[in-house]
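The values are calculated or read from the model by the stated rules, or taken from the named source; none is laboratory data. Just so it is clear, the model here is predicted, and its values are computed rather than measured. As a convention, Cβ positions derive from the backbone with ideal geometry for all residues, glycine included, and neighbour counts pool all protein chains shown. Side chains included, ligands, DNA and RNA excluded: accessible areas come from the protein's heavy atoms. Shrake-Rupley method; radii C 1.70, N 1.55, O 1.52, S 1.80 Å.
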Amino acid sequence: MNETPSADTTGAPGPYDTPDPYDTAPSFHLLPGAPDSPVLLHVPHSSRAVPADVRAGILLGDDELGRELDHITDAHTAGIAASAAEAARTAPWRFVNRLSRLVVDPERFPDEREEMAAVGMGAVYTRTTHRAELRPAGFDPEPLLDRYFAPYARGMAEAVADRLAATGRAVVIDVHSYPSEPLPYELHGGGPRPPVCLGTDAFHTPPALLDAAREAFGGFGGVGTDSPFAGTYVPLPYYGRDPRVGALMIEIRRDLYMREPGGAAGPGAEALGAALADLVDAVSRTA
């Protein structure tokens, strides 16, 4: 399967990118790696693409939407993951969201378990990063959940199942970024903002995985844990149930590799891709 370049890897994007209205492909790419790799790099927030019919339900004007995408998009993370996949000795698999998280956020719980719903940023956002209205009061999220969230969740669960069947284990490494200064939507923005933040889960993040990540990213000026963002992504069929599924979230502070809030990538992106490749290889070598 070929990856379609997204706006975060092909230069300066417009206000938002609208997919071809006749495109019936899934809202994600599953990009194959080595058959014996247990690693699945998950890139959920790198795209700026918003389908036209979804755009129609967003209250922001085009300039406002462009600014919101600058703040909310984990720009260039798909490129960092692609660089890591190319550099790794054992190529990881990649699961890349083709659409903006303003369509649906596949990493949120779709129900009352999601704490970000308190600021209008559950699985379907109704508020912006600055807590302004994004969608009208009374907006029904169910059609977007049915159309995008549920198929994405199934796709990730199937990708994990495939790695388990092939290698006996699966390691989901989330590739994210975050701004150097906190945004109003952040519930835990008052804590440390290290150059690299590692999000963990008590059940799914074994010490060896955390240690390998600390070593791989140790050259960027500091590695923290679970601040300002905590936790990992594990498909719900495996969450808290299957210890064969490991998970770690990599949150890269954006001033390490790009001009904030939505500018071009700098030389730091290449170094981060190399560090991620080192982590992938360390995980692949672990029995």
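Please find, among Ala170, Ala165, the residue that is more than 19 Å from Val103 (Cα to Cα) and buried (at least 18 other Cβ atoms within 10 Å of the Cβ).
Working: Ala165 fails: buried (at least 18 other Cβ atoms within 10 Å of the Cβ).
Criteria check complete, one pass: Ala170.
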Can you find, within the stretch 47-100, the residue that is surrounded by the most Cβ atoms within 10 Å (Cβ to Cβ) among those that are in contact with a His (Cβ under 9 Å, 6 or more places away or on another chain), part of a loop (DSSP other than H, G, I, E, B) and polar (S, T, N, Q)?
Ser100
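Restricting attention to strands (runs of 3 or more DSSP E) lying wholly within the stretch 194-287, give those where 3 or more residues are surrounded by 17 or more Cβ atoms within 10 Å (Cβ to Cβ).
On the way: elements: 196-199, 223-225, 245-253.
Correct list: 196-199, 245-253.
Among the candidates Pro143, Pro106, single out the residue that is open to solvent by 60 Å² or more (accessible area, probe 1.4 Å) and either in contact (Cβ under 8 Å) with a residue 12 or more places away in the chain or more than 18 Å from the chain's Cα centre (by Cα) (or both). Even if it seems obvious, please write down each step before you answer.
Details: Pro106 fails: open to solvent by 60 Å² or more (accessible area, probe 1.4 Å).
Matching residue, one of Pro143, Pro106: Pro143.
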Is it the case that Val43 is in contact with a strand residue (DSSP E or B) (Cβ under 8 Å, 6 or more places away or on another chain), more than 24 Å from Gly199 (Cα to Cα) and open to solvent by less than 10 Å² (accessible area, probe 1.4 Å)?
no
